[in-house]
1. Need one number: nm distance between label points at residue A:329 and residue B:135, each 7 Å from Cα along Cα→Cβ, rounded to one decimal.
2. So what is the relative contact order of segment C:205-262, in percent, for Cα pairs below 8 Å that sit 6 or more residues apart?
3. Gap in Å between the Cα centre of segment C:44-58 and the Cα centre of segment C:72-100?
4. Based only on other Cβ atoms within 10 Å, what is the fewest-to-most ordering of B:63, B:128, C:138?
5. Any chance you could give the angle, 0 to 90 degrees and rounded to 10, that helix A:2-23 forms with the longest Cα principal axis of chain A?
6. Go ahead and set up a Gaussian network model of chain A, Cα springs under 10 Å, then flag whichever of A:160, A:75, A:296 fluctuates most.
7. Measure nothing fancy, just the Cα-based angle from helix B:169-181's long axis to the longest principal axis of chain B, in degrees from 0 to 90, nearest 10.
8. For all pairs of alpha-carbon atoms in segment C:151-293, what percent lies in each bin of width 10 Å, listed from the first bin to the last filled one?
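What follows draws every value from the coordinates through simple rules; no lab data is involved. Model, not experiment: these values are computed from the prediction. Note that each Cβ is placed from the backbone with ideal geometry, even for glycine, and that neighbours are counted across all protein chains shown.
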């Protein structure tokens with residue numbers, strides 16, 4: 001029964017999602033696409049943290065790598081030709097320019113993930129958190145300083161959305177919904193791959209190493225190897241998200257790829273629900289939609305004389321939300337929902353316990 | 001009820017002292033100290049194919065340290081540990097597992113959020129094909145039949161889909177044992193399997209261990225405090241006291257050895 | 001050459017401040033397995049308390065400084081422990097606490113920005129800033145003052161840890177809480193004490209560093225980073241390591257500011273962290289960890 005309800009809910013959600021781009025305004029499409037892009041990155045963090053139990057403070061940095069690579073590949077120009085020498089070959093095949101950008105971003109961030117996780121996994125557990133912290137800050141410094149590569153503080157402007165399979169995706173009146181559909185498609189693929197990984201023996205190994213790394217090792221699970229895999233895959237999701245982010249906002253500068261946004265990803269996952277497939281979507285929704293609501297409420301409250309509320313920024317509210325969520329609902333909003341809809345357990349007939357000579361305590 | 005597959009038992013070839021010929025575990029002069037404390041001082045013994053060896057001794061005799069040295073949780077200061085000719089001294093636990101060595105834990109370490117069946121599949125999946133192949137293969141790595149057989153063998157059938165965290169202590173112990181055997185190991189080390197288990201369950205556990213030993217020919221080493229359990233389970237006993245072996249032999253021989261009696265009474 | 005030595009000395013001065021932050025961080029980790037990702041913000045905030053004391057309450061600086069310390073003990077000590085850390089006892093692993101302290105970091109940072117100011121603020125100091133010449137080196141008195149205060153604080157702490165009964169109990173708790181409890185140590189009180197000590201150390205660090213750099217809500221990021229790097233570089237499991245790490249980071253940071261491009265100054269402690277983790281993960285003064293049993 002519960003299964004049927006869940007399936008029905010998913011179908012309704014999917015239908016709504018497919019219809020939405022048609023009815024939403026350009027801004028509405030933008031918000032919808034932003035939510036999905038952030039959700040992809042959040043999925044990556046969810047894999048690293050919720051399933052494999054590691055801490056990554058670098059997801060925004062990986063998004064940045066994906067975004068800058070994609071910006072270069074979509075804009076062309078001499079730097080892109082110098083850096084990505086295969087680019088001219090792919091450019092002639094314009095329907096694939098977006099896909100090759102996504103692929104390049106994913107590959108680059110996957111390898112980068114392995115590179116930075118490898119040394120830190122051999123040592124104490126929490127070192128990965130600090131290394132990713134250092135990595136994010138370092139990346140941000142590079143983004144900000146190396147103007148020849150990233151445009152420095154000014155960033156890269158005018159990133160045009162390419163056409164895919166003949167469909168124009170520019171933000172013009174006729175076409176802005178197309179890009180949203182493209183993002184929906186990419187998100188669906190990403191979600192499916194994540195679902196597959198999590199339900200495969202790999203997913204079981206990730207869960208094991210999160211719950212009890214010692215025992216997992218004694219069962220032959222190569223704990224370090226799986227941690228690396230989880231981290232690399234999760235980081236690649238960040239790269240893919242960044243790759244979609246660049247054409248979405250059409251202009252990138254270093255600020256969204258700094259430390260604080262990375263931290264926000266962690267918070268998102270906690271609110272949404274770690275280790276669940278819906279969690280990243282819920283968390284991303286909170287992160288993208290909450291600021292909009294807060295702005296509205298704030299102006300209303302302040303207009304009514306509650307001036308103090310003008311100081312409660314989105315970050316403050318979000319942080320308090322996270323702190324309370326961890327304490328009272330450790331499995332996040334997704335977990336709460338699952339608990340509410342769980343069928344009541346039928347008590348077991350315990351004569352079977354007598355067969356083993358054990359009285360169930 | 002047949003046990004899941006493992007290396008098929010060969011008829012044991014006996015040596016003059018009545019023990020099988022093939023040495024599965026060979027511990028030579030293993031020693032380990034912590035600071036000034038010599039927990040294990042140069043211990044040597046071997047375990048032959050199909051034997052069930054009991055490692056006993058009063059508290060502080062160094063049993064656990066020795067055990068952990070064999071298992072790769074601790075690196076011995078000197079000496080060697082060889083399994084079926086492979087030198088495993090100081091190797092990591094995952095490497096030992098891949099060489100066909102299983103173990104159970106004194107402090108229960110099943111995976112509480114996974115079901116009983118999932119726990120068993122987990123215990124066997126790393127031995128099935130390559131890691132990449134497992135990603136693209138079926139979700140259970142093809143191990144459901146083996147897991148079911150193990151569930152039947154240890155009589156956990158009605159709990160197969162329960163979360164392991166919800167099982168009673170004794171049931172978790174059985175699961176722990178079953179997990180150690182999932183990968184068809186040639187050598188299993190059991191760390192205080194009888195701890196905290198009630199009498200009836202203990203009989204059941206002992207009987208199942210005998211059964212799996214007989215059917216698969218796997219070799220066991222058991223650390224235990226429970227004398228009754230150890231004496232009736234094991235074919236051979238090693239007694240440790242103050243980091244050294246003071247007696248070795250059949251249960252009857254060891255039970256009547258004056259040195260052993262003194263070691264236990266003297267404490 | 002004299003420039004170099006001067007840089008080293010001023011580096012030692014700031015390094016001593018970093019050491020204070022790193023010591024508190026290490027103590028928290030040792031005693032209660034708390035990784036406080038908000039440590040940088042803990043060093044940022046007390047200065048704001050002092051500023052608030054001066055502007056809102058009209059206190060003179062010396063009283064405002066005491067006010068800041070008191071607020072720190074209350075907020076960063078008591079409130080932090082009871083509201084943030086305690087509710088999470090019983091949750092598996094350290095991940096929930098890590099996330100929570102990350103949330104606290106963001107909360108404190110944005111809180112300072114929203115409730116005080118987004119602009120950098122100047123911070124007064126009681127130390128004189130005359131420059132004296134010693135052995136031909138020009139050293140400013142406030143740097144010496146900072147060193148003296150920081151060293152005195154550390155010395156006081158060391159005396160407390162090694163020379164008093166409570167301090168030894170704290171050390172026992174840090175090394176092995178289970179055994180400490182069996183030996184009759186009130187572990188809960190020791191842990192609370194650690195939180196209070198951390199809050200105090202952070203407050204002192206804040207008061208010392210704020211005259212040097214402007215007080216700004218965003219300082220926490222860099223301060224936190226330096227505290228983490230210092231703690232890890234020194235060897236995460238020892239107070240001495242935190243001191244060594246802090247001094248090293250301070251000196252390197254100062255040298256980097258002078259000799260390396262200022263745009264990549266922040267990269268130097270990061271590089272140090274990576275080098276240490278790659279080649280000496282137990283830190284400069286740490287012990288190599290045995291495999292866990």
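1. Roughly 3.4 nm, to one decimal.
2. Numbers: 34 pairs, mean separation 12.4, N = 58.
Relative contact order of segment C:205-262: 21 percent.
3. Their Cα centres are 25 Å away from one another.
4. Numbers: B:63 26, B:128 17, C:138 12.
Lowest count first: C:138, B:128, B:63.
5. That works out to roughly 10 degrees.
6. Of A:160, A:75, A:296, the Gaussian network model singles out A:296 as fluctuating most.
7. Between the helix axis and the principal axis of chain B, the angle is about 90 degrees.
8. Over segment C:151-293, the share of Cα pairs per 10 Å bin runs 10, 33, 34, 17, 5, 0 percent.
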